[in-house]
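Taking it in order: structure first as structure tokens, then the write-up.
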Amino acid sequence: MAQPEGEELQALLQRQEELRNRYLVPAAERPASTAQGVQHAVYIARDVEETILFYRDLMGFPLVDLCDNRDYPGSTHFFFDVGGENMLAFFDFPGHPHPDYTETIGGGHHIALSLTEEAYEEVQGRLDEWEIPYATFPMGPTYSLFVADPNGLRIELTTEAKGHSLGEYIL
């Protein structure tokens, strides 16, 4: 993917600044959100068991439910506890051909999950042990790594606390 340069890049950066100035309200002036949090976010799994093993055994997220998908007979709907009363869920769709993951409009780029430094190091150790590739990004006092799950979904693990973005408290 060709990245913008020169005048095109400057115009995009100027547009970002305009949008920030127009829509971003300081935290003290922002209304409270109408939502209570993410009850669950759902993605599509290529293989149920492979996905369970990745999230439960490698990532350390307990499997908390596995049931029939009421919208698609024979499809499995399964949920992992990702802390803070939030769940990451998946469907499989047997008999439905799905292309491999691709970045596209309306698609997801990644999910960022906050871990303690100890949990981060444990998962990173298992990634090394299982020889699963990942990319790391030190961000000052915090750490971040990106890994693709068996379905191609990108997961960011970060030691940055929830409610922060790039070291700034935003909530």
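The values are calculated or read from the model by the stated rules, or taken from the named source; none is laboratory data. From a predicted model like this one, the values you see are computed outputs, not experimental measurements. Here the Cβ positions follow ideal geometry from the backbone for every residue, glycine too, while neighbour counts run over all protein chains shown. Ligands, DNA and RNA are excluded from the accessible area calculation, which covers all protein heavy atoms including side chains. Shrake-Rupley method; radii C 1.70, N 1.55, O 1.52, S 1.80 Å.
Test of understanding: among V42, V64, V48, which residue is without any contact (Cβ under 8 Å) to a residue 40 or more places away in the chain and of a type in the set (V, I, T)? Checking each option against the conditions leaves just V64. When the residues of segment 112-131 are filtered to those that are under 17 Å from the mean Cα position of the chain (by Cα) and assigned to a loop (DSSP other than H, G, I, E, B), the one that is nearest to F61 (Cα to Cα) is L115. For segment 93-105, does any single residue satisfy the condition of being more than 20 Å from F80 (Cα to Cα) and at pLDDT 90 or above? Yes: one or more hits.
Among the residues of segment 95-123, the ones that are among the hydrophobic types (A, V, I, L, M, F, W, C) and surrounded by fewer than 11 Cβ atoms within 10 Å (Cβ to Cβ) come to 1 in all. Scanning segment 74-92 for residues that are loosely packed, with under 13 Cβ neighbours inside 10 Å and either in contact with a helix residue (DSSP H, G or I) (Cβ under 8 Å, 6 or more places away or on another chain) or modelled with pLDDT of 90 or more (or both) yields one hit, G74. Residues considered: E17, E8. Of these, the only one that is at pLDDT below 95, under 25 Å from H109 (Cα atoms), among the charged types (D, E, K, R) and open to solvent by 100 Å² or more (accessible area, probe 1.4 Å) is E8. Could you say whether any residue in segment 65-73 is at pLDDT 95 or above, in contact with a Phe, Trp or Tyr (Cβ under 6 Å, 6 or more places away or on another chain) and either open to solvent by 70 Å² or more (accessible area, probe 1.4 Å) or not in a loop (DSSP other than H, G, I, E, B) (or both)? There is at least one residue in segment 65-73 that is at pLDDT 95 or above, in contact with a Phe, Trp or Tyr (Cβ under 6 Å, 6 or more places away or on another chain) and either open to solvent by 70 Å² or more (accessible area, probe 1.4 Å) or not in a loop (DSSP other than H, G, I, E, B) (or both).
Of the listed requirements (1) surrounded by fewer than 16 Cβ atoms within 10 Å (Cβ to Cβ); (2) at pLDDT 90 or above; (3) touching a Ser or Thr at 6+ places or on another chain (Cβ under 7 Å), E156 misses just one: (1).
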